[in-house]
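Quick notes on the structure that follows.
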Amino acid sequence: MSKFWSPFVKDLVPYVPGEQPKLSKLVKLNTNENPYGPSPKAIAAMQAEVNDNLRLYPDPNSDRLKQAVADYYGVQTNQVFVGNGSDEVLAHAFHGLFQHDAPLLFPDISYSFYPVYCGLYGIEQQQVPLDEQFQIRVEDYARPNAGIIFPNPNAPTGCLLPLDAIERLLQGSPDSVVLVDEAYIDFGGQTAIALVDKYPNLLVTQTLSKSRSLAGLRVGIAVGHPDLIEALERIKNSFNSYPLDRMAIAGAAAAFEDRDYFEKTCQQVIESREAVVAGLQGLGFEVLPSAANFVFARHPGKDAATLAAGLREQGVIVRHFKQQRIAQFLRITIGTPEQNQALLDALRGL
Ligand SMILES: *Cc1c(COP(=O)(O)O)cnc(C)c1O
């Protein structure tokens, strides 16, 4: 703390990202990155941008990327927003859409950035407990709110809420925005983007960090009614005119255009997930049903923190959360078949 700080800074509780270790030999299954690289076409598109044009600012509207997203999802470009990672897109949504005279609702077990943004923007929050099976109970959200946000599939549980339940949420709160954070939707869910023309209060965010394997590039998107997108644009243009650089715009657009590579690598992750679930169950773990590129598992007879530490000693890192309700779970990212085998082998000895 310093006298130079604006007073509110001392009360901020920042997000703590998963570890990015400097050692490279580790089997890194802790931050839900994709084990397969980005599309070769995306890499080529980024490399083609590394030239003398870098002296010029990028397109402030990222039109090329918005067009690629609009084409991919069959929507109009004025229904698309793009930002520097979906974390930034989410921040603008909290800032521009969730500051009203009621609490923002989200599940008690969900993405831990949500309470951080509430703190940053002074938004009142109400955490709604998941049910005993760690599922979202739609009825619990039928109360006055400034908005509703949840990841789908949920993080860190991996559990999917079907589209008909999302429609019930949208119908139950027609006067506030329902934000579906689809960071993991491509690993086994149906996107709610199919509903944006029907529900003007629906905003869907996605990231290129997980299913498109571009966590290092920092690109996220939002799709929704043009009025919602305009709020995000107004915030963005009051904050940073150029959140996406030239490489990011080109690489992200090419990643959306390369459907074959995307579908193939998603399918590989999904198949590996089924193998990891079977392997964990074989070792006595209970695994929540996952539609994501990670699984959330607990062992009835073994302490999760001890397991995480034991894995680490063997060079395998997974994510463990201290939050009481989930303190006995491990969140394990799906890796390559070799990495997954290394995980199961290491667990067998613990
Ligand atoms: C990874 C993740 C994000 C953030 O993605 P970035 O685009 O890398 O900022 C957002 N929401 C959830 C639930 C995530 O797991």
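The values are calculated or read from the model by the stated rules, or taken from the named source; none is laboratory data. Model, not experiment: these values are computed from the prediction. Here the Cβ positions follow ideal geometry from the backbone for every residue, glycine too, while neighbour counts run over all protein chains shown. When the accessible area is computed, the model is the full protein with side chains, heavy atoms only, and any ligands, DNA or RNA have been set aside. Shrake-Rupley method; radii C 1.70, N 1.55, O 1.52, S 1.80 Å.
An oblate overall shape is assigned to the range 161-253, the ratio a/c of its alpha-carbon gyration tensor axes (a ≥ b ≥ c) being 1.5 or greater and a/b not exceeding b/c. For residue 305 and residue 99, FRET efficiency with R0 = 51 Å and r from the beta-carbon atoms, rounded to 0.05? Calculated value: 0.85.
With a 1.4 Å probe rolled over the protein heavy atoms of all chains, the accessible area of 181, 345, 87, 197 falls in the order 197, 345, 87, 181, largest first.
Per-residue extension of 0.36 nm, minus the Cα-Cα distance of residue 71 and residue 168, leaves a gain of 32.1 nm for this segment. The sum of -39500 (n - 2.57) across all DSSP H runs of n ≥ 4, divided by the residue count of the chain, sets its helix-only mean residue ellipticity at 222 nm to -11000 deg cm²/dmol. Ligands, DNA and RNA excluded, the heavy atoms of residue 28 present near 50 Å² of accessible surface to a 1.4 Å solvent probe. The magnitude of the dipole of the chain, with charges of +1 and -1 set on the Cβ of Lys/Arg and Asp/Glu and taken from the Cα centre, is near 1040 debye. Under 13 Å from a label point set 7 Å out along the Cα-to-Cβ vector of residue 13, the amide N atoms of the range 297-338 belong to 322-324. Here's the picture: charge each Lys and Arg Cβ at +1 and each Asp and Glu Cβ at -1 in the chain, and of 133, 200, 279 the one pushed furthest to the positive end of that dipole is 279. Ligands, DNA and RNA are left out, and with a 1.4 angstrom probe the accessible area of the chain is 46 Å² per residue.
If you take all other residues with their beta carbon under 13 Å from the beta carbon of residue 207, and give Lys and Arg +1 and Asp and Glu -1, the sum is -3.
Spacing of the modelled spin labels on residue 241 and residue 1, each 7 Å from Cα toward Cβ, amounts to 3.9 nm. With each label modelled as a point 7 angstrom along the Cα→C-beta vector, the residue 44-residue 197 pair spans 3.3 nm.
Per atom type, the range 22-146 shows carbon and sulfur on 50% of its accessible surface, probed at 1.4 Å.
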